[in-house]
Amino acid sequence: MLKSGILNPAINSLLSRVRHTNTLVIADRGFSYWPQVEIVDISLVDDIPQVMDVLAAIQPNFSIGRVFAAQEFLAENSAQKARDLENLLAGIPLIFEPHIEFKKRVPSAIGLIRTGDTTQYSNLILESA
């Protein structure tokens, strides 16, 4: 029995299949659905959990090379929210691009973890190192 780390078996399974330069999406509650992308839905209620909660939980055992986010995140949220994300990534390259371009990356992802986050444009694509 697992005693620490990610306890959700579906997330553990998904993470174990991500290899070098593969991508994983962590999305808010309203993010689009792609039938070809495996989705692990962990949404409970509004804002539980949030995208940054999931990122913080998987980061200790997931080698992240870079992260993609929608540039609209910066316009729609506070500067503090952006600093919180940058601090959580601690030097991992964070690339902002138009949301329409961001969404083009999703179909090639190994999987998507859907949260209850209501933060505007809080979706992230993690590329493994």
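All of the numbers you see were taken from the coordinates with simple rules; none came from a lab. None of the values given here were measured: they were computed from a predicted structure. Positions of Cβ are backbone-derived with ideal geometry, glycine not excepted, and every protein chain shown enters the neighbour counts.
Under 8 Å for C-alpha pairs, at least 6 residues apart: give me the relative contact order for the stretch 9-128, rounded to a whole percent. Kindly include the intermediate steps, with their values, before the conclusion.
Values: 220 pairs, mean separation 64.4, N = 120.
In percent, rounded to a whole number, it is 54.
Once label points are set 7 Å from the Cα along Cα→Cβ at both SER43 and LEU74, what is their separation, rounded to one decimal in nm?
Between SER43 and LEU74, the simple spin-label model gives 2.8 nm.
Near the amide H of ILE39, under 5 Å away, which other amide H atoms are found, from residues 5 or more places off or on another chain, if H is placed in the peptide plane?
Those lying under 5 Å, H to H, from ILE39 are LEU112.
Taking the Cα atoms only, what angle lies between the long axis of helix 79-89 and the longest principal axis of the chain, rounded to 10 degrees?
30 degrees
Label GLU101 and GLN59 with points 7 Å out from Cα along Cα→Cβ: what is the distance between them in nm?
Rounded to a tenth, the inter-label distance reads 2.5 nm.
Which residue, TRP34, ASN77, ASN87, has the largest displacement toward the positive end of the dipole of the chain when charges sit on each Cβ (Lys, Arg +1; Asp, Glu -1)?
It is TRP34, whose Cα lies furthest towards the positive end.
Can you tell me the alpha carbon radius of gyration of the stretch 9-128 divided by the globular rule-of-thumb value 2.2 N^0.38 Å?
My calculation over the Cα atoms of the stretch 9-128 gives 0.96.
Rounded to whole Hz and in sequence order, give me ³J(HN,Hα) for the stretch 30-36 from the Karplus expression 6.51 cos²θ - 1.76 cosθ + 1.60, θ = phi - 60°, writing x for Gly and Pro.
x, 5, 4, 10, 10, x, 8
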